[in-house]
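The values are calculated or read from the model by the stated rules, or taken from the named source; none is laboratory data. All values reported here derive from a predicted model rather than from experimental measurement. A quick note on method: Cβ atoms are made from the backbone with ideal geometry, for glycine too, and the neighbour counts reach across all protein chains shown. Ligands, DNA and RNA are stripped out before the accessible areas are found, and what is left, the full protein with its side chains, is counted by its heavy atoms. Shrake-Rupley method; radii C 1.70, N 1.55, O 1.52, S 1.80 Å.
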Amino acid sequence: MSTKSISNLLLLMAALAAGTAAAAGNTPAGTNLTNTATVDFEDPDAPGTQSPTVTSNTVTTAVQAKPDFDVIYAGAPASDGTTPTTPISSHDKQNVLPGATVTTPYTILNNGNVGSNTPAATPYSVTVTPYLGGTVLPTGTVVQYYVGATKVYDSSDTAAFPGVINVPADDPLTPADEGQVALEQRVLVPASAPANADFAVSPRGRAGVYAAGTITVTDEPTGDLQYTRVRVYAPQIDVIPPSKDPGNPTNPLQTIVVPPSGPTGTPDPNYNPGNPGAPLNPVSPPGTPAGPQDPTVPGYIDPGNPGTSVAQPSTDNQIAYPPADTNAAPDVVTFVNTITNAGLADTVNLFPTDATGTPIGVNNNNGSFTLPGGVTVTFLKADGSPITTFYTDGSGRTYPTAALPAGTPGTPSVTNIRVQVTYPDSNSAPNPAPIVVVVGIDSGNDSGVVADGTSTDTILPPAMQFGDSNGAALGTDNAAVTSTQTVNPLVAPATSTAVSQNTTDRRAVFPMDLVNQGEYADSFTLAKATLSFPNVTGTTSTAPLRYVDASGAELPKDNAGNYVSPVVAPNEEFTVYAIVDVPADALAGTVLVPQKATGNYSTVEASDGDDVIRIAVVNTNPDPLTGNPSSGMDVDKYVTTGSAAPTGVPAEKGTLNVVPGDTLRYAIIAKNNFNAPVKNFVLGDSVGASTNIFTYASVVSVSATASFAGTVYYKVNGGAWTTVAPAAGTVVTSLQVAVDTDGSNSITAADTIPAAGSVRLDVVVTVK
């Protein structure tokens, strides 16, 4: 056999069975097999909206020249390769008369992919000359070859007729069989050919063979020839005497005497003695054989013991700085007031008063008085027990009294009383005011109930607000409005110390107001926190909550790692900035930012839990040249030839040179580079391009795998989804792959590809 492939031979045999010889169609040299994959999916940032189709890189496979030819008997390719004495019967010519022309048909097949009709536009020429197979032609014999009516070779004039024949390639996409040329061999037997001359002539082709970029000339192997045998007619004539008289058949003629042939006188062995004239051992006619810090400085000087009633004594004024409590019950502060007496012994009346010394409030006639705002003032003995002595004025009102021993100006007597002030819980008040109680002391040694001396007891209640900053407005916050900061997890946070609400990087910044609505200065502890973010790998990543001031400097911390603000004056506010640098691998979605502030002396607490970080949907693998996240769904196509499947390296995206019969292995890898799951995913191989792989190649196998849990489905030629991959030999015009992830045993809009999930489609084909 020649260099023809087995597949070509099978095609030829099929053509023979159909009654005609045919060339085996090969993808023409110069053809570029370009192939591009696509991915369709729902935009994860706009649910219900399909994203534009994403297209992979184009893989190009350049079909190289693979020249090959064969000269065969017309209509009988299976008999290719005969000997001079074993041609097929139609080409075994017996009893050819001298001077005759022996004409026999042949076919030149272009079994390669080079021809003037191919994209390479390279004519493929086969030079045909006669091959004699070791026999000798009678002198004067001429061998000619014709293509149609055109003589292309003449052994008597090879300069004019060299036998060069252009054989077109057979394009497998066309129904016509372009890859063959009908050749006629003519053997002109000279008139002088001797009888019984026996010789054979076969057309023999010569054409270029391409190897390693060079062209060499190779003859058709002598074992791949197909002869026409010619045997010149030999007359069978003899003259013998008749045995009867032609004129008188009943009269025998004279007996033929066989002359002796040797001294022994024995009969000539060439004759039959029993039948003189009959040849011995006549010659048999020839047969025809078939043949992928807590600051340590407090906001004030603590004059007492935090956690108990605290008062700063002075002659006429005491100030209490009560801390907050954890309940909503009325708060109580008790002052110890000292009454001095430099005169006669006295019994004084006690009551709250105004600037005129007149009693105020509602006298409850039990030692207590109710003042506006729900404040109750109760007078007690020095030991805290109720006063049991009262003075009753003319109107029936009773006033608690205290007995003062006599004293002198130089040595006044000293009597202590307690003034208990009960007021509504300051924690519940949005912005409490100072509570000022003027204690009036009326001497019983004069007439009327008018204060002869006063002492002021002042309560400065604590209160605070902590919430999203609303600028310069004091005492209010944006608690009713959810503050959302959108971040891009792929962009590193700005290094500048200036703080702004920049939503183009992965830093979320929440300006927060610490509002001291209380009536004494305090500093505040901001609780440390660590936020958790689901990430693209299916686990979680963390990021700390930090606090900085307007300059960008981080606030000092206590020993536990909590942040501590500077001292904030009463009815003032301090703006801090809560900062979270979101991890780069965070999944798209939202994360709450819980915040809590606590007064360091007052212990008043306030929380803000409605701030939200929104992680934007981004492509975690942007374009390396532009950095633009044009699409978060990447699809790449790779190709190799031979037995090794693509490994997904860049070199496998380049142009690959192949020839017909080569095996191509394609890998299409689609990866979800969004930081969010993707719905309605369909991976497809390109459809309709005249040079796609399914046009010039035959399917050997198809398989797809997913990096996540699910069942792979295939759709072939627009048919139904099925879990069965197309078999070898399937005629493919379109191929799609999707993954059932919700267990519905079908492909639906609910199926998703997780972040970082990938699908790989492998297609193995053979180049036609």
Quiz item: Identify, please: which residue in the stretch 644-654 is in a loop (DSSP other than H, G, I, E, B) and modelled with pLDDT of 90 or more and is, among those, least open to solvent (accessible area, probe 1.4 Å)?
Solution: Pro646
Quiz item: If you take the residues of the stretch 102-133 that are aliphatic (A, V, I, L, M) and either under 15 Å from Val71 (Cβ atoms) or in contact with a strand residue (DSSP E or B) (Cβ under 7 Å, 6 or more places away or on another chain) (or both), which of them is most open to solvent (accessible area, probe 1.4 Å)?
Solution: Leu132
Quiz prompt | Positions within the stretch 83-124 being part of a loop (DSSP other than H, G, I, E, B), modelled with pLDDT of 90 or more and within 21 Å of Tyr145 (Cα to Cα), in sequence order | solution = Thr83, Pro84, Pro87, Ile88, Leu97, Pro98, Gly99, Ala100
Exercise. Identify the residue in the stretch 377-397 that is outside any loop (DSSP other than H, G, I, E, B) and loosely packed, with under 13 Cβ neighbours inside 10 Å and, among all such residues, is farthest from the chain's Cα centre (by Cα).
Key: Thr392
Quiz item: Quick one: which of Val71, Val59 is under 30 Å from Pro130 (Cα atoms) and β-branched (Val, Ile, Thr)?
Solution: Val71
Self-check item: Pairs with Cβ under 9 Å, 6+ apart, first in the stretch 700-719 and open to solvent by 40 Å² or more (accessible area, probe 1.4 Å), second of a type in the set (Asp, Glu) and in a strand (DSSP E or B)
Solution: Ser701/Asp762; Ser703/Asp762; Thr705/Asp762; Gly710/Asp740; Thr711/Asp740
Quiz item: How about the stretch 134-163: which of its residues are surrounded by 19 or more Cβ atoms within 10 Å (Cβ to Cβ) and part of a loop (DSSP other than H, G, I, E, B)?
Solution: Leu137, Thr141, Gly163
Practice problem: Quickly run through the stretch 22-71 and pick out the residues that are open to solvent by less than 10 Å² (accessible area, probe 1.4 Å) and assigned to a strand (DSSP E or B). | Solution: Leu33, Asn35, Ala37, Val39, Val59, Thr61, Val63, Asp70, Val71
Quiz item: What are the pairs, 6+ residues apart or on separate chains, where a residue within the stretch 528-544 that is surrounded by fewer than 16 Cβ atoms within 10 Å (Cβ to Cβ) has its Cβ under 8 Å from a residue that is among the acidic types (Asp, Glu)?
Solution: Thr537/Asp585
Quiz item: Is there a residue in the stretch 751-767 that is over 27 Å from Thr540 (Cβ atoms), modelled with pLDDT of 95 or more and polar (S, T, N, Q)?
Solution: no
Quiz item: Out of (1) in a loop (DSSP other than H, G, I, E, B); (2) modelled with pLDDT of 90 or more, what's the single condition that is false for Asp505?
Solution: (2)
Exercise. Hey, can you tell me all the residues within the stretch 723-743 that are open to solvent by less than 50 Å² (accessible area, probe 1.4 Å), farther than 22 Å from Asn619 by Cβ and of a type in the set (Ser, Thr, Tyr)?
Key: Thr730, Ser734
